[in-house]
Each structure stands twice: as structure tokens, then as C-alpha cells.
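This report refers to the structure that appears directly beneath it.
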Amino acid sequence: MHFLELSQVNFHYPKQEKLALDNINLEIEQKSITAVIGPNGSGKTTLSKVMIGVFPATGGKILLQGDPVSELSLAEIGRSIGYVFQNPDLQLFCGTVAEEIGFGLINRGCEPDRVKEKVDFYLDYFQLAEYRNAFPLHLSQGEKQRVAIASVLAAEPEFLILDEPTIGLDTYRKKILEGYLQKIACSGRGMVLISHDMSFVNRLADRVIQMENGHIVDDGDWKGNNGYDA
Amino acid sequence: MTLDPRTKMVIVICLSTLALIYNTPERLLQLLIVTVLLLLLFRIDIRSVWVYLKRFLQLMLVVFIIQCFFTRGGEVLLSLGSVELISSQGFLTGASLVLRIIVVISAALILTTFSSRDFILGLVQWKVPYELAFMVTIAMRFLPLFRDEFVNVVTAVQLRGVELKQVSWGKKIELFRCLLFPVVFGALLKAQQLAVAMESRGFRAYPRRTYLRRLDFILVDYAVMLIFVTVTIILIVY
């Protein structure tokens, strides 16, 4: 059984006739690192949102560990898949950075000591300790991105989908993120990376899917630049 | 029907004023029929009215139930032993409030038959300061964006594993405080950024604005406005 399975998936936005995703067939394994690349407007983010049920597919079937995504609540999907939005402003909603990172853990019933331990770890790892009590939306774009990633990783989901995770990060912080994602991959948890950062994709992904106009135009092992110039 | 945007604004004001003044279901139902006929006349798809009304269904239901249970008078329609639960007066008040909401929302849809540019132009030609007219348009344009932002935050919370339908009321209130935070902050931030963007593009650089286009009343506009204003005044007085 595949972790995620999409068969003949179509999607169009309300009041639009053009398909944003057209006949997508895809199987994703839990332990793989899959990158989705493609020009702006090719359907990468739409695909990721359809995968996790934020946008209900207008046609076809999506299975998450064998269960139809359409029959699962967002919370159930969120417990299996951690999703980092392209725009961190959309996913930061707590009063402080520490609360933001601990939010998922508290809501899953983690003991306060365990929550504190994990929050401290992620604050240190992503160099956010000095912002522990800061209001997340007051931070810079790069800092917000780090908080968003840390708050999703802290909940230790089985699988991750990261939409443009390197946006706003400097080279040093990109390396830190890369190191952490590699550590996650080594622990048997896979991910889907949506990115224009080809060197980041090159170093991490073992499978690259290229999209154009809502279609998958290439799907294979990463062997360097396959013509798409980000 | 092609009417000047200002004439349509007058129609909406008349319908909304009557909806606020009338307080019997019969009168409000008559007003709703007139509103629906006007919507058809303006070629507004009635199904789109339902799409807008659907969003207010919960609010209407809550208003109706509260009125049913807390307004006393008339015959007792439902009682539990000696405790009077729903009275005929409560039922009628609830029905009136629901009809009032429906009329106001339906009438407001007439404003969607012209562009925001025409809306500003109409207000400015009525001597409303341009800044004020622009602010009203911006507010109208940003409302759906705030709704989308709220939906995004709710989605983000759920994706962190929170089953909103299953959490207790106490927890729900705490969560909604969380949800309002980014939306209010985002609104303030957007307003600030918008102000900077507008000023950098020369907004209010000159005290007087000129317009390429002008809205001109024709005879039909005067006639329609006169009829609506007169009828509204008569209905209010009598």
C-alpha cells in the first residue's frame, strides 16, 4: 500500500472552467523524498492542497494510507501529514512563538514537561530562542518561515509536505533546514517538497516530479537539471 | 434594466430602510417579493442570492430561536408543563427578523450590478469626498479577503490535528481568540501597506481629481428615484 495514492485526479477552482490539475496519477511512498517542481501557476501548490484535502478534488480518488482523503477530517489528515504553507502568515495564529511551536503537541495531549522540552529543542535548533515570547506575526519573513516549519516539525507527523520551505531563508538557515530534513528522512519519515530552489531539491530529493499547466510532464529519479530552469 | 449606479444605490437604501422599519412578517414578506422582482429585473441570478444567504443561515437560525424563546406575548404555541416556551409573538418576531435579514442581503446584491469604479464615481458626483468614497470601496473589496484569511487560519488549526467539532466550548472560545489574532493583525498590516502603496503612487498628490468618465442621470433615473423615495416616505408615514 502506498502512503498517498492519487488516481485520475482533476481539480478546478470555483467559477473557473480551466482545470488546475488534469488527470493526475501519482503514488508516493512514506519513506521517499519527492520534489515537485515547475513554473509559476503550473499547479504545484494546488496539487499539495488537493493531496491533504484542503481543496476537495473535483474528480478522481485520493487515498491516504488506503483511506479516501474525502472521508477524513482535516484534523485526521493533519495528524498524519504536517503541512507547511507557502505563506507562513497563513499558519501562524498563536500569541507567542513558543505557544505556536507547542500548539500541536498540547492539542494532542502531550505532557507539559514533554511539550516544554520539545519547544526548547526547536527554538534552539531553528535559532528562535530569543523570540520565544515574541508575537509570531511581528517577525521577519525568514523568521516566520522558521517558526512555521518548527511548529509543524514539532508535532512529528509521519509525513511532511513543505511548500517552498526555503523562501526567505538565508544560505546558513537553508543548510540547517536541509540537515534537519535529512535527519527526518533517515528516521523513515518521507516528504514532498515543492520548491523552485533547484540546488535544495538536488541535494535532498530522490524523486522529482515536474509539472506544467496542471499536468505531470516528468516523473523520475533526480539526475540533475532536467531542463527546467527555476 | 440600465440605470445609473446612484439610482440603484437609492433603491437599495429605500428597500433597506423599509426592511428596518417594518416589523410584521406580512409586510416584510411583501417587501421581499418586491425585492426579488427587482433582482429579476436587474437580471441577477436568484441562485446567487441563495449562495449569499447560505452564509447567514446559522445567524438567522440563532436569531429566530432566541426570539422564539425570549419574546413573550400572544398565544402559547409550545409549553413544558406550566412553563411557557414559545409564544405566537416570539414566533412572529423571530420570523420578522429573519425576513429582515433576507431583504437587506438580497437588496444589497443590486450593488453588485455595477463596478466599484462606478460606485466611487457616483459618490464623488454626489459631493462625497473622494477619500471617503475610496475607503468605502476598499472596505467592500477587502471583506471577502478577510473571510478567506479566516478560513485559511481555521484550516491551519485543523491541520495541526485539532478537531474543531469535538473540542469543548471553553477550548473553542480560546481557539477562536487564536483565530482572530492573525486576521485582525493581518487587516491592520494590510491597511498600513495599502496606505504606503497608495501614497507612493501619488494618492492625494493633488487636491483636485479629474475623471475621464462622468455618470449622467437620464429621465428614467429621475423617475425611478422619485417613485422609490416617494413610495418609501408614504409607506413610512402611513
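Can you tell me how many residues within region B:95-115 are within 16 Å of the chain's Cα centre (by Cα) and of a type in the set (Gly, Ala, Ser)?
3
Quick one: in region B:101-157, which of the residues that are over 19 Å from residue B:7 (Cα atoms) and among the basic types (Lys, Arg) is farthest from the other protein chains (Cβ to nearest Cβ)?
B:141
Before we move on, is residue A:157 buried (at least 17 other Cβ atoms within 10 Å of the Cβ), closer than 23 Å to residue B:155 by Cα and out of contact with any Gly (no Cβ under 8 Å at 6 or more places or on another chain)?
The answer is no for residue A:157.
Tell me which residues, restricted to region B:146-169, are in contact with a helix residue (DSSP H, G or I) (Cβ under 8 Å, 6 or more places away or on another chain), within 15 Å of residue A:87 (Cα to Cα) and open to solvent by 50 Å² or more (accessible area, probe 1.4 Å).
B:150
Of a type outside the set (Asp, Glu) and at pLDDT 90 or above: does that describe residue A:93?
Against the criterion (of a type outside the set (Asp, Glu) and at pLDDT 90 or above), residue A:93 does not qualify.
Do we have residue A:162 as modelled with pLDDT of 90 or more and buried (at least 23 other Cβ atoms within 10 Å of the Cβ) here?
Considered against the rule, which asks whether it is modelled with pLDDT of 90 or more and buried (at least 23 other Cβ atoms within 10 Å of the Cβ), residue A:162 comes out as yes.
Within region A:103-133, which residues are within 21 Å of the chain's Cα centre (by Cα) and farther than 17 Å from residue B:179 by Cα?
Hits for region A:103-133 are A:105, A:108, A:118, A:119, A:121, A:122, A:123, A:125, A:126, A:127, A:128.
Among all residue pairs at least 6 apart or on different chains, which show Cβ distances below 8 Å where the first residue, located in region A:114-141, is without any contact (Cβ under 8 Å) to a residue 60 or more places away in the chain and farther than 19 Å from residue A:87 by Cβ and the second is of a type in the set (Lys, Arg) and open to solvent by 50 Å² or more (accessible area, probe 1.4 Å)?
A:123/A:132; A:127/A:173
Out of the residues in region A:165-202 that are in a loop (DSSP other than H, G, I, E, B) and among the β-branched types (Val, Ile, Thr), state the one that is surrounded by the fewest Cβ atoms within 10 Å (Cβ to Cβ).
Filtering region A:165-202 for residues that are in a loop (DSSP other than H, G, I, E, B) and among the β-branched types (Val, Ile, Thr), the one surrounded by the fewest Cβ atoms within 10 Å (Cβ to Cβ) comes out as A:167.
Out of region B:192-210, which residues are surrounded by fewer than 13 Cβ atoms within 10 Å (Cβ to Cβ), part of a helix (DSSP H, G or I) and more than 13 Å from chain A (Cβ to nearest Cβ)?
Within region B:192-210, B:195, B:196, B:197, B:199, B:200 qualify.
Could you tell me whether residue A:136 is away from chain B (no Cβ under 13 Å), more than 14 Å from the chain's Cα centre (by Cα) and open to solvent by less than 40 Å² (accessible area, probe 1.4 Å)?
Considered against the rule, which asks whether it is away from chain B (no Cβ under 13 Å), more than 14 Å from the chain's Cα centre (by Cα) and open to solvent by less than 40 Å² (accessible area, probe 1.4 Å), residue A:136 comes out as no.
Please determine whether any residue of region B:179-187 is free of Cβ contacts under 8 Å to residues at least 40 places away in the same chain, surrounded by 14 or more Cβ atoms within 10 Å (Cβ to Cβ) and in contact with a His (Cβ under 9 Å, 6 or more places away or on another chain).
So far as region B:179-187 goes, yes, one or more of its residues are free of Cβ contacts under 8 Å to residues at least 40 places away in the same chain, surrounded by 14 or more Cβ atoms within 10 Å (Cβ to Cβ) and in contact with a His (Cβ under 9 Å, 6 or more places away or on another chain).
The values are calculated or read from the model by the stated rules, or taken from the named source; none is laboratory data. Values in this document were obtained by computation on a predicted structure and should not be read as measured data. A quick note on method: Cβ atoms are made from the backbone with ideal geometry, for glycine too, and the neighbour counts reach across all protein chains shown. Note: accessible area is taken over every heavy atom of the protein model, side chains too, but ligands, DNA and RNA are not part of it. Shrake-Rupley method; radii C 1.70, N 1.55, O 1.52, S 1.80 Å.
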